[in-house]
Structure formats: structure tokens, C-alpha cells
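The values are calculated or read from the model by the stated rules, or taken from the named source; none is laboratory data. Note that the coordinates shown come from a computational prediction; the quantities given were computed from them, not determined experimentally. When we count neighbours, we look across all protein chains shown, and the Cβ atoms used for this are built from the backbone with ideal geometry, even at glycine.
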Amino acid sequence: MTALTGDGSDGWDVFYKARALKKQGHPIIELTIGEHDIRTHMDILAAMGRSARGGHTGYAAVPGTEGLRAAVARRIEAQSGVRTTEDNILITPGGQSALFAAHMAVLNPGDVALYCDPYYATYPGTLRGTGAVDRAIPCDPAHDFQPRATYLEAAAKGARSLLVNSPNNPTGVVYDRATWQAIAKTCITHDLWLISDEVYDTQVWQGKHISPRSLPDMQERTLVIGSMSKSHAMTGSRIGWICGPVPVIEYLTNFATHTTYGVPGFIQDAAEFALSQGQELEDEVAAPFRRRRRIALDLLTQQNLVRAVPCSGAMYLMLDMRATGLSGEAFAHALLDAHQIAVMPGESFGQAAAGHIRVAMTVADDQFSEALAVLLSFAAE
Ligand code: PLP
């Protein structure tokens, strides 16, 4: 069996410890994973129920229902300005399976697949699962974890694909235009496929979300990964997509036929309904994170020990704890033991974020504010 990640030996022990303590009844404040503290909107659930009761409970079309594919295509076209039709879209059970399928489409066993460190925790395992060789590109904290042209160039020789993520989990960074230009240049020079994970596209607090599919000469070599987990608080519904060139989507439809065999029709109908509500609903779902980021920035300005990586997007705050003299892991363990507050060590997301912690802004405002204040005064002890 190929060794993946997430088997308990990968720096997630603070998370497992917090979960075990919670199960034993300890009042742990979990600022760990990217799960909303709000539920899926009642209107979306009502649409799901209507569809199921109306009989949409059999096999659904494998690439996705026409209605949902068209709705996703319209959303992408409106956002990126790139002409997009339903033929460019495959609906998948969540963004995670889209990540795996997209790489299966462009990689052969033994190919080198690039990704940026720090990374979303499943990335190395997803790449290895395809039979590829995963190669990390270090992103420097001194440059706010934006991938730099020199590192991209150094890693790209002989590679086949590059996986990037903006707005970024775990850093909260939104890639700027210069970063995207460097990424596009590397992909074109080295003939790489670009897999652009855009599951946080509705969570941009500063700057602008740029989809690299809109950059010159990138449309035919980019596969965009999307999901409604974060944008619509629908993590459990498992709705995601891949947007890319028609021949790749045709290949992936066949791939889906042999793997997932599609996504439940009543969930797709609910997703289509959710997208029909437009940006208003997306803004409503994003609003708590926007507020908590503000709360965090205000608290952070009241001290000068802990530096925050500019939190321009996503539901996470990446804090540089190196001034405490502790690793991210040691700090996270100590905080959990002393104050029952659980955060993720930067080391859980690769080497580049060592000495950092990731704080998910996923509890109510007052609890978040209190927990962050405790964290900051604990750091200063
Ligand atoms: N990509 C990133 C960067 C994520 O943070 C996540 C989930 O946290 C995913 C993909 C997977 O999302 P989904 O719930 O749609 O599978």
C-alpha cells in the first residue's frame, strides 16, 4: 500500500488529543479544522427535501445534473470572465475527490507532482495516491508564504503538474498578481498542468481572488477545483467540481463512471438552488469569518510578540510563534494542556510553517475573542 498521510503519525496529535479530551467531556474550544459553526441554510435543506420527495433519488447523470453544471459554469464565467459552459464542468463528491480525480487525469505513475509548502494536509497523500512522486516547493514566511519565482523555477524541471491554493489553507494568504504571473510563467515554460484549488473563493478579506484560468495561455492547462463546503456551509453534502478543457472533462466523466458513479441528485438540486441565491447567500456564510478576522486584528495590535501572517482570505489565522522560543507543536500542546484551547501546529502543514500555529476562526465571536486573548497572554508568559 502506498503510504498516504492522516494515519496519526503526521503531526496531527494535538488535534487527536483535543478530540479525545472533548469526548471525555472536557470543555475544549476547538480552533482546529475548517468546519463552520453555522449549519447549512434551512432553504437549501428545504430544496434538498423537495427534490428527494419529488423522486430525485435514483442514479443521477455521472458528470452532474445539467442544471447544476450550468449553474457552476455561470458562476465561474461571472467570476473569472472566461467563457465557460457546462461541458467544462464535472460535479464531484466534494473538493477532495475533485483534487484526486484532477490529478488522475493529468498524471501517470511516477510523474512528479508539485505542491506548495505549507499545504492543505491531504495534498501529499492525494498526490501519492495517484502513483505520482510528490515534490514540495517551500514558501518562505518572510514573503508571507507566497510562492516565489526562484523556488517555482528550481522545482519545476521534469515535473508534470503544479497544485496551488488561493485563498490559502493554512496560511490565509491570497496570492497577488505577481505571484500568479510567476506561477503561469513556470507552467508555460515547463509545460505543467496547473491544478488551482479555489475552494475558499468566497472568503477574500483583502485584495482580489484571481483564478489563473483567466491568465493568458493558461485556460487549456488549468483545472480549477471548486466546492460548496466552505462557500455555502455544506461540508457534509459533499458537492465539488472540476472546471477544465472539454477533453479532460470527458476523460474525467469516464473516470467518475468507474469510481464514484456520480453525486446524489437531490443534493445536486439543493446545490443548484443554493447557487441560484447568488452572492448574497455566499456573503452571509462568509460574514462571521470577516467579523472574527477584524476581532483578531484588533487584539493582535495590542501586543507585539506574536506576528500574524496577513490574513487576506479563508477562515484561518496563521500566527508566528517563534518569538516564544517554542515550536508550533510545543506551543499548541502547552496551550491545550493549560487552557483547553486547541489550535493546529504549523508543522501539521509542512516544514515551511514550523514555529507557527493555525487558528481556525470557527467558534462564536465572543468565544473566539476570549480564546485568542487567552492565547496571546499565554504566549507572553
Ligand atoms: N482544499 C482545501 C484547501 C481545503 O481546505 C479543503 C477542506 O478543508 C478541501 C480542499 C476539501 O474540501 P471539500 O470539503 O469540498 O472536500
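Considering 2, 92, 85, the condition of being closer than 17 Å to residue 237 by Cα and hydroxyl-bearing (Ser, Thr, Tyr) is satisfied by 92 alone. Mind counting the residues in the stretch 229-257 that are within 16 Å of the ligand (Cβ to nearest atom) and either of a type in the set (Gly, Ala, Ser) or surrounded by fewer than 22 Cβ atoms within 10 Å (Cβ to Cβ) (or both)? Residues meeting the conditions: 9. Checking each residue in the stretch 151-205 for being part of a loop (DSSP other than H, G, I, E, B) and more than 16 Å from the chain's Cα centre (by Cα) picks out 157, 158, 176, 190, 191, 192. In this structure, residue 102 does not qualify as over 18 Å from the mean Cα position of the chain (by Cα), of a type in the set (A, V, I, L, M, F, W, C) and at pLDDT 95 or above. The residues in the stretch 193-234 that are charged (D, E, K, R) and on the phi > 0 side of the Ramachandran plot can be counted, and the count is 1. Of all the listed residues (133, 173), the sole one being surrounded by fewer than 20 Cβ atoms within 10 Å (Cβ to Cβ) and among the aliphatic types (A, V, I, L, M) is 133. Just one of the listed residues (154, 136) is under 22 Å from residue 353 (Cα atoms) and away from the ligand (no atom under 16 Å from the Cβ), and it is 154. Criterion first (closer than 18 Å to residue 72 by Cα, among the polar types (S, T, N, Q), in contact with a helix residue (DSSP H, G or I) (Cβ under 9 Å, 6 or more places away or on another chain) and within 16 Å of the ligand (Cβ to nearest atom)) does residue 260 satisfy it? No, not satisfied. Residue under question is residue 166, and the condition is that it be away from the ligand (no atom under 13 Å from the Cβ), within 19 Å of residue 240 (Cβ to Cβ) and touching a residue at least 12 places away in the same chain (Cβ under 8 Å); does it hold? When the stated conditions are applied, residue 166 does not pass them. The conditions of being within 16 Å of the ligand (Cβ to nearest atom), assigned by TED's automatic domain parsing to the domain that holds residue 94 and surrounded by fewer than 21 Cβ atoms within 10 Å (Cβ to Cβ) are not met by residue 199.
Looking at the stretch 180-191, can you tell me whether even one residue there is within 16 Å of the ligand (Cβ to nearest atom) and hydroxyl-bearing (Ser, Thr, Tyr)? No, the stretch 180-191 contains no residue that is within 16 Å of the ligand (Cβ to nearest atom) and hydroxyl-bearing (Ser, Thr, Tyr). Would a scan of the stretch 289-309 turn up a residue that is within 16 Å of the ligand (Cβ to nearest atom) and either under 21 Å from residue 368 (Cβ atoms) or not assigned by TED's automatic domain parsing to the domain that holds residue 101 (or both)? Yes, the conditions are met somewhere in the stretch 289-309. Residues of the stretch 343-377 that are of a type in the set (D, E, K, R) and in a helix (DSSP H, G or I): 347, 365, 366, 370.
Per the listing 300, 336, 326, 317, the residue uniquely surrounded by 20 or more Cβ atoms within 10 Å (Cβ to Cβ), over 24 Å from the mean Cα position of the chain (by Cα) and not small (Gly, Ala, Ser) is 336.
Yes/no matrix, rows are residues, columns are (1) outside the structural domain of residue 212 (by TED's automatic domain parsing); (2) of a type in the set (S, T, N, Q); (3) within 21 Å of residue 230 (Cα to Cα):
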{"residue": "103", "(1), (2), (3)": "no, no, no"}
{"residue": "110", "(1), (2), (3)": "no, no, no"}
{"residue": "164", "(1), (2), (3)": "no, no, yes"}
{"residue": "171", "(1), (2), (3)": "no, yes, yes"}
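For the stretch 213-225, the criterion of being within 16 Å of the ligand (Cβ to nearest atom) and out of contact with any helix residue (DSSP H, G or I) (no Cβ under 8 Å at 6 or more places or on another chain) is met by none of the residues. Within the stretch 157-164, can one find any residue that is of a type in the set (Gly, Ala, Ser) and under 27 Å from residue 283 (Cα atoms)? No, the stretch 157-164 has no match at all.
Under the condition of being over 22 Å from residue 34 (Cα atoms) and assigned to a helix (DSSP H, G or I), the residues counted in the stretch 271-297 number 4.
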